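Working notes for the structure below.
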Amino acid sequence: MEQHTEFSIKSSFYDRKRKLILSPNYIEFEDNDLANGSNTKFETKDINSFRYGVKWINGYAFTFGRIYSIEIKNNEGKIIHLKLKSIYGIRKNELFQKYASIINSLLDLYFIPIAEKHIQLYYNKEEFNFGPIKITPEGIELKNKKTILWKDLYTKNYYTKYSVSSKTNKNDYCIFEYNEDWNTAVLFSVIEKILLDKKEGAT
């Protein structure tokens with residue numbers, strides 16, 4: 001029997017609760033406001049990318065809220081928008097736990113498998129693009145066509161971003177924002193797996 005996970009999403013105080021279903025075969029979100037409208041549904045084979053992050057709600061003199069945002073895009077460019085808003089810290093911890101659970105489920109069901117496909121492409125010695133960079137058997141080719149060799153590659157993961165750079169030339173680098181750049185989490189998984197395998201292979 002197909003196992004799926006359900007989440008209740010309420011984007012603001014005045015919004016109604018909407019059902020999010022994460023299934024091995026599809027994503028479905030109750031984002032239609034019409035009584036006879038249909039939900040947005042992406043089949044797993046059509047899921048392309050996602051991004052996520054926290055957006056701050058700023059007042060004149062201070063920050064008074066946050067929005068936990070997750071966006072999922074399919075191959076046609078359609079996007080499911082998920083938002084969890086906390087004002088003055090109300091339900092902040094509860095909403096963060098839900099936000100983290102949704103991201104973990106998305107990774108497990110859809111995006112770790114996508115990362116594994118790209119890792120296999122690498123081991124098949126095939127080149128592929130990831131946003132502004134290209135993954136090649138030799139290393140990472142930047143937008144300016146310079147290549148950072150795998151042995152020269154330095155990476156660092158932050159809460160909001162992931163960076164790749166050259167150990168020997170500080171001007172050769174690229175930064176990916178989790179909340180702006182699609183599939184930064186997938187790119188992280190691909191590159192870190194390749195680097196780990198190279199490190200283990202050298203020992």
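The values are calculated or read from the model by the stated rules, or taken from the named source; none is laboratory data. What you see is a predicted model, and the numbers here were worked out from it, not measured in a lab. Cβ atoms come from the backbone with ideal geometry, glycine included; neighbour counts cover every protein chain shown. In case anyone asks, the SASA skips ligands and DNA or RNA and just uses the protein heavy atoms, side chains included. Shrake-Rupley method; radii C 1.70, N 1.55, O 1.52, S 1.80 Å.
Of all accessible surface on the chain at a 1.4 Å probe, what whole percent is carbon and sulfur?
Numbers: 6140 of 12340 Å².
Carbon with sulfur: 50 percent of the solvent-accessible area.
For residue 179, list long-range residues whose amide hydrogen, built 1.01 Å from N in the peptide plane, is under 5 Å from its own amide hydrogen.
Amide H neighbours of residue 179, under 5 Å, 5+ apart: 52.
For residue 120 and residue 5, compute 0.36 nm times the residue count separating them, minus their Cα-Cα distance, and round to one decimal in nm.
Taking residue 120 through residue 5 to full extension adds about 38.6 nm, to one decimal.
Connecting C-alpha atoms closer than 10 Å in a GNM of the chain, tell me which of 71, 177, 43 has the biggest fluctuation.
Most flexible of the set in this elastic network: 43.
For the chain, what is the charge dipole size about the Cα centre, in debye to the nearest 20, if Lys and Arg each add +1 at the Cβ and Asp and Glu each add -1 at the Cβ?
Working: 31 positive and 26 negative charges, 149 e Å.
Dipole about the Cα centre, nearest 20: 720 debye.
Any idea what angle helix 92-106 forms with the longest principal axis of the chain, computed on alpha-carbon atoms, 0 to 90 degrees, nearest 10?
50 degrees
Just how far, in whole angstrom, is region 47-63 from region 127-203 if you go by their alpha carbon centroids?
Region 127-203 and region 47-63 have Cα centres spaced 25 Å from each other.
For the chain, what is the accessible area per residue in Å² when the probe is 1.4 Å?
61 Å²
Using amide H atoms built 1.01 Å from N in the peptide plane, name the residues 5+ places from residue 172, or on other chains, whose amide H lies under 5 Å from its own.
Amide H to amide H, under 5 Å and 5 or more residues apart or across chains, residue 172 pairs with 166.
Would you mind telling me which residue in 159, 110, 99 has the biggest mean-square fluctuation in a Gaussian network model of the chain, where springs connect alpha carbons within a distance under 10 angstrom?
159
Expressed in nm to one decimal, what extension gain is obtained for the pair residue 180 and residue 129 from 0.36 nm per residue of sequence separation less their Cα-Cα distance? Display every interim value, and only then the final one.
Values: separation 51, 0.36 × 51 = 18.36 nm, distance 1.73 nm.
Here the segment from residue 180 to residue 129 would lengthen by 16.6 nm.
Where a Cα-Cα gap under 19 Å defines reach, which aspartates and glutamates qualify for residue 145, not counting those fewer than 8 residues away within the same chain?
Cα-Cα hits under 19 Å: 126, 127, 172.
Rounding to the nearest 10 and keeping the result within 0 to 90°, find how far the Cα-based axis of helix 184-202 lies from the longest principal axis of the chain.
So the inclination is approximately 30 degrees.
Against the longest principal axis of the chain, how steep is helix 112-123, in degrees 0 to 90 to the nearest 10, with axes from Cα atoms?
Taking the Cα atoms of the chain, the angle to 112-123 is about 10 degrees.
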